[in-house]
Amino acid sequence: MTDQPATRTQRQAITKAIVAREAAGIPQQLRARAFNAVGPALQARGEWLRLTARQTVADAVLAAIKPELDAYLRYENTITWMTTCTSCATVLDNAARDFERADRAEAALAKAWRIHRETCPLARGDVDAGFACSTCDALKEQP
């Protein structure tokens with residue numbers, strides 16, 4: 001293996017991957033707005049870049065100001081919850097996510113029980129007393 005310097009294409013690919021990784025936490029809407037701002041700024045100077053290069057420039061700018069964006073998004077979230085406390089907004093976000101997760105889990109469990117009741121011969125009453133189903137026994141214990 002030789003220690004040749006990376007080609008221009010390889011350097012561009014590496015840079016693109018780094019910028020994409022750093023921009024991953026930035027909302028898509030902000031990425032689109034930054035991308036759309038690059039074109040007119042270049043046109044005002046009589047310059048042009050390919051669309052992929054414009055996106056790379058926009059992502060690099062957003063990655064550079066990511067700490068400020070994160071602070072802004074946290075503050076915007078406090079407004080959404082009608083509070084001025086970012087910790088309180090975080091607690092409310094977590095509670096809302098937990099509530100939604102619990103709803104999805106309850107719905108999935110209800111669907112599983114329904115499917116079991118439809119497919120288990122014992123639940124349908126189609127088998128002799130010699131057939132045992134631990135799930136049906138668990139169903140009997142459910143409130």
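The values are calculated or read from the model by the stated rules, or taken from the named source; none is laboratory data. These numbers were taken from a predicted model, which means no experiment stands behind them. Cβ: placed from backbone, ideal geometry, glycine included. Neighbour counts: every protein chain shown. Surface areas here come from the heavy atoms of the whole protein model, side chains and all, with no ligands, DNA or RNA. Shrake-Rupley method; radii C 1.70, N 1.55, O 1.52, S 1.80 Å.
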*Under a 1.4 Å probe, what is the accessible area of region 12-110 per residue, stated in Å²?*
73
_Karplus-derived HN-Hα couplings along region 51-62 (A = 6.51, B = -1.76, C = 1.60, θ = phi - 60°), whole Hz, x at Gly and Pro_ = 4, 5, 5, 4, 5, 5, 5, 4, 5, 5, 5, 5
*Among 75-83, 56-64, what's the highest-first ranking by average C-beta atoms within 10 angstrom per residue?*
56-64, 75-83
*So how far apart, in nm, are the two label points at Leu51 and Arg114 if each is 7 Å from Cα heading toward Cβ?*
4.2
*asked:* Using a Förster radius of 41 Å, what is the FRET efficiency between Ala32 and Phe99 based on their Cβ-Cβ separation? Nearest 0.05, please.
replied: 0.85
*Would you work out what percent of the accessible area of region 50-97, with all protein chains in place, is carbon or sulfur (probe 1.4 Å)?*
66
_Low-density loop positions, trypsin sites (Lys or Arg not before Pro), region 29-122 - DSSP coil, at most 13 other Cβ in 10 Å_ = Arg45, Arg50
*Could you give the nm distance between label points at Ala60 and Cys88, where each point is 7 Å from its Cα heading toward the beta carbon?*
4.3
